[in-house]
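Have a look at the structure below before the remarks.
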Amino acid sequence: MKSWLYDESKHSGVNYASIELIQQYDENHSKFRNFAKEADEIISDLKLTTQSIVADIGCGTCAITQYIAKKVKKIYAIDISSPMLDYARQKYHTIHNIEYIHSGFLGLHTHTFNVDAVYTKMALHHLPDFWKQMALNTISSITKPGGRLLYEDVIFSGDIETIEQNIDQWINQFKQQTGDEFAREVEMHVKEEFSTFDWAIEHMLHNAGYKIDARLNKNEMIIKYICTKQ
């Protein structure tokens, strides 16, 4: 490992280091997400089958991973957070085709597996833009030619004035859905994490050897890309 590589273990945003915070994470997200439905969408978008080998990068508590594991041959659950992986490993110990890997995006180059598809949701924003490009290159390197990538994250689109309005609306929406505490976490995301512009991400995907097959603006703040490795 090169000494100058970005340290992904440094926390930007909330540090989910305790079981209490991790459980709270699951509870908060379940208020505005349907994990089973998200899993079905991923299976459809990536055209997964019972023979597919998949990587979930930034798997967190494996709330989505557990559903996809039941429909594929094998899934690598990858996260930089040891406590989250420990929590998931214990919670889903009866699912035997999940392999848990403690790694960030950048450390994956040390692994030798090749996968048919990768998905990463709400994770790449932890890296500054230079390192996002390095991460996407690494994802490409573990993906078979013709393999697919689903990338979804907070991504800014439009002019600055519009983005500012969208951020305010986004924070207020979470305040109404989940309360003040989680809304403050959303504020922290904007202040301390590294979400970037759509044009920057699209250029990075191209540089990493991906063709963008589809783009879906899920709302004013979240964009999903479905790509094929060339």
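Structure summary
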quantity: Principal axis dimensions, largest first and in whole angstrom, of the chain by Cα; calculated: 43, 39, 38
quantity: Globularity ratio of region 26-109, using Cα Rg and 2.2 N^0.38 Å; calculated: 1.04
quantity: Whole-number D in µm² s⁻¹ for region 87-195, Kirkwood Cα-pair radius fed into Stokes-Einstein, 10 °C, 1.306 mPa s; calculated: 96 µm²/s
quantity: Charge dipole of region 47-141 about the Cα centre (unit charges at C-beta), most positive-ward option of Ser141, Pro128, Leu106; calculated: Ser141
quantity: Extreme residue, positive dipole direction of the chain, given options Cys62, Tyr25, Phe174 (C-beta unit charges); calculated: Cys62
quantity: Assigned charges on the beta-carbon of Lys, Arg, Asp, Glu; region 1-139 dipole about Cα centre (debye); calculated: 260 debye
quantity: 14 Å beta-carbon shell around Glu164, net charge (K/R +1, D/E -1); calculated: -4
quantity: Check: region 137-230 dipole with +1 on Lys, Arg Cβ and -1 on Asp, Glu Cβ, in debye; calculated: 780 debye
quantity: Mean residue ellipticity (222 nm) of the chain, computed from DSSP H runs ≥ 4 via -39,500 (n - 2.57), nearest 500; calculated: -12500 deg cm²/dmol
quantity: Antiparallel content of DSSP bridges confined to the chain, in %, to 5; calculated: 40 percent
quantity: Cβ-based net charge around Glu202, under 15 Å, with every Lys or Arg adding one and every Asp or Glu removing one; calculated: -1
quantity: Under 14 Å, Cβ to Cβ, from Pro83 - net charge with Lys/Arg +1 and Asp/Glu -1; calculated: -2
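Every number here is computed from the coordinates shown, using simple stated rules; none is lab data. On a predicted model such as this, the values are computed, not experimentally measured, just so you know. Every residue, glycine as well, gets a Cβ built from its backbone with ideal geometry; the counts of neighbours run over all protein chains shown.
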